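K.L.:
Sending over a structure as structure tokens; questions will come in a sec.
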Amino acid sequence: MKWEGNRESDNVEDRRGGGGGGGGGLGGLIGGRGIGVGTIVIALLGGWMFGINPLTILGLLSGGGAPTEQVQQQAPARKPPADDRMAKFVSTVLADTEDVWKDVFARGGAQYQEPRLVLFRGATSTACGTGQAAMGPFYCPADRKVYIDLGFYETLKNQLGAPGEFAQAYVIAHEVGHHVQNLLGISDKMEQMRAKVSPAQFNALSVRLELQADCFAGVWANHAQNARQILENGDIESAMNAAAKIGDDALQQQSQGRVVPESFTHGTSAQRTRWFNNGLQNGSVKGCDTFSAKTL
């Protein structure tokens, strides 16, 4: 992936040096429920990889049984060190998503409001509650921030078998996709449906929400490639592989040796790659309407 030398975003907070809050166990993501590419990872792999009870985690993700806690006071936000290559990478990817979505929104007669990206280690406070590294990257609609412990990329590479810079960029673009959903009012509609439908029906809606974020990630890649030619040989395959590795079926098979379709919340490997590729090929936000799609 060609990214070095491109603009870096100013919307990055580095909380890795301490004072970032969190600690002492997993609090529920409340007041807006964090959503992201990594949430299924914590539920299915958390038990054996991170030592967190998967049943507790699934309760948090379904919106029930989670203790709430107050957001802790944060230390003043600071920028990442200039010589931190990985921080520079995610800052550059974030900047690229800003450029793309600002243009897409402008073409639709709207103004894009940029999210912030928070780098942390271990645990940190959010407007959705306490987030932990074991959750993988996630987006909090309540504060419009993407959260990531960069150690997730080692998990993505070593435990899940999805290496490559474009795979890492896809992760950021997916979370920004959730921010786009938030700006479009889709996230609010999802939360309103939580109390109106059964858990199984809400899981099915969650799949459509996540697949749309995958499609939006593809839309970003399409526009970024057209504008800045960021792709190199193997990049698309790298992102497709990442999308496949974090499909519900693949993660369930890896963690428990069987697949339980009714518990899916993010989509199968085939669905995730299909919708990412849909956005990549078409570059169309309207083409990402997973909620109206008869087949996923």
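Computed from the coordinates by the stated procedures, all read-outs in this text should not be read as laboratory data. Computed from a prediction, not measured in an experiment: that's the story for all the values here. Cβ: placed from backbone, ideal geometry, glycine included. Neighbour counts: every protein chain shown.
K.L.:
Take E114, E191 and order them by how many other Cβ atoms sit within 10 Å, fewest up front.
P.N.:
On the way: E114 17, E191 12.
Ranking E114, E191 by Cβ neighbours within 10 Å, fewest first, gives E191, E114.
K.L.:
Further question on the same structure: Can you tell me the length gained on complete extension of the stretch L296 to D10, counting 0.36 nm per residue apart and subtracting the Cα distance?
P.N.:
Working: separation 286, 0.36 × 286 = 102.96 nm, distance 3.64 nm.
Taking L296 through D10 to full extension adds about 99.3 nm, to one decimal.
K.L.:
For L184 paired with V197, estimate the spin-label separation in nm (one decimal), with each label point 7 Å from Cα along the Cα-to-Cβ line.
P.N.:
Output for this residue pair reads 1.6 nm.
K.L.:
May I ask you to derive the FRET efficiency for M86 and E232 from their Cβ-Cβ distance with R0 = 25 Å, giving the value to the nearest 0.05?
P.N.:
Values: r = 18 Å, r/R0 = 0.74.
Step by step, r from the Cβ atoms, then E = 0.85.
K.L.:
Based on the Cβ-Cβ distance of A106 and Q256, what FRET efficiency does E = 1/(1 + (r/R0)^6) give at R0 = 41 Å, to the nearest 0.05?
P.N.:
0.35
K.L.:
Do any of K102/K294; K189/K245; K79/K145 go past 23 Å between their Cα atoms, and which?
P.N.:
Details: K102/K294 30 Å; K189/K245 28 Å; K79/K145 15 Å.
From K102/K294; K189/K245; K79/K145, over 23 Å: K102/K294; K189/K245.
K.L.:
What ranking, highest mean first, results for peptides 93-102, 132-141, 2-11, 195-204 when packing means the other Cβ atoms within 10 Å averaged over each residue?
P.N.:
Numbers: 93-102: 22.8, 132-141: 25.8, 2-11: 14.8, 195-204: 12.5.
Going from most to least packed, we get 132-141, 93-102, 2-11, 195-204.
K.L.:
Here is a further query. Measuring from centroid to centroid over Cα atoms, what is the spacing of the stretch 219-296 and the stretch 84-143 in Å?
P.N.:
Going from one Cα centre to the other spans 19 Å.
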